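Chemist: I have a structure I would like to understand better, so I am pasting it below and will then ask my questions one at a time.
Nothing in this text is a laboratory measurement; each read-out follows from the coordinates by a stated rule. Keep in mind it's a predicted model, so treat the numbers as computed, not measured. Cβ coordinates were reconstructed from backbone atoms using ideal geometry, including for glycine residues, and neighbour counts include every protein chain displayed.
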Amino acid sequence: MEDMENRSAQVRLVGLKTCSTCKDQLHFTAFYSNAARSDGRNQNCKKCFREKQKVYCARRKQRDPVGYHDWRIRNGKTRGVKLEPGLYSRLYAAQAGLCAVCGNPEPPHRRSAMLSVDHDHITGKVRGLLCSNCNFALGHVKDSIEILAALIKYLETCRTTSDSPVSIL
């Protein structure tokens, strides 16, 4: 017990700690806090911890893609949208893991690589799962059918005429 207290005191006094993965000696702020540890900091530096998390999540997702999404939902990773248990999995399976608008999977470079839960902001009713691009587009037009219709008309006008509908000075 004394050894742990001495280590904790040394970390606070000197401000340095050795990462158990990369073995670099770093300032204690380079480690996430962890109340369960004697020195109050995680054993891996933030960089190594993030790398380990990426590997862990990739393995978990590869083993069970639908279960991985359920795990994220059970652990509150839905960005504020409350879902009944299993709804994400049912939607994901019904849409074959593809966006309800464009029919593409979530781009692999996205941070979460999880389709977004689209819902009506007034009623809260879930409409489907969208890739981040379609979800952003819908968000930017504020779910307005009028704005979307105007955008379609604009694109059609530009496509059918050789001149731009806006005169350039």
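Chemist: Rank these for me by crowding, Thr160, Thr29, going from fewest to most other beta carbons within 10 Å.
Modeler: Ordered from fewest to most neighbouring Cβ atoms within 10 Å, Thr160, Thr29 come out as Thr160, Thr29.
Chemist: Same structure, new question: Using r as the Cβ-Cβ distance of Ile122 and Val101, and R0 as 25 Å, what FRET efficiency do you calculate, to the nearest 0.05?
Modeler: 0.80
Chemist: A follow-up question, please. Any chance you could run the full-extension gain for Asn133 through Ile152? It's 0.36 nm times the residue separation minus the Cα-Cα distance, nm to one decimal.
Modeler: 5.1 nm
Chemist: Compute the FRET efficiency between Arg159 and Tyr56 as 1/(1 + (r/R0)^6), taking r as their Cβ-Cβ distance and R0 = 45 Å, and round to the nearest 0.05.
Modeler: With R0 = 45 Å, the Cβ-Cβ based efficiency is 0.45.
Chemist: Could you give me the ³J(HN,Hα) list for the range 140-145, computed from phi with Karplus coefficients 6.51, -1.76, 1.60 and θ = phi - 60°, whole Hz, x at Gly and Pro?
Modeler: 5, 8, 6, 6, 8, 5
Chemist: Further question: Using modelled amide H (1.01 Å from N, peptide plane; none on Pro or chain starts), what sits under 5 Å from the amide H of Leu129, excluding residues fewer than 5 places away?
Modeler: Amide H neighbours of Leu129: Ala100, Asp118.
Chemist: Here is a follow-up. Under the 0.36 nm per residue contour assumption, what length would be gained going from the current alpha-carbon distance of Ser144 and Ala36 to full extension?
Modeler: Using 0.36 nm per residue and subtracting the Cα-Cα distance, I get 34.0 nm.
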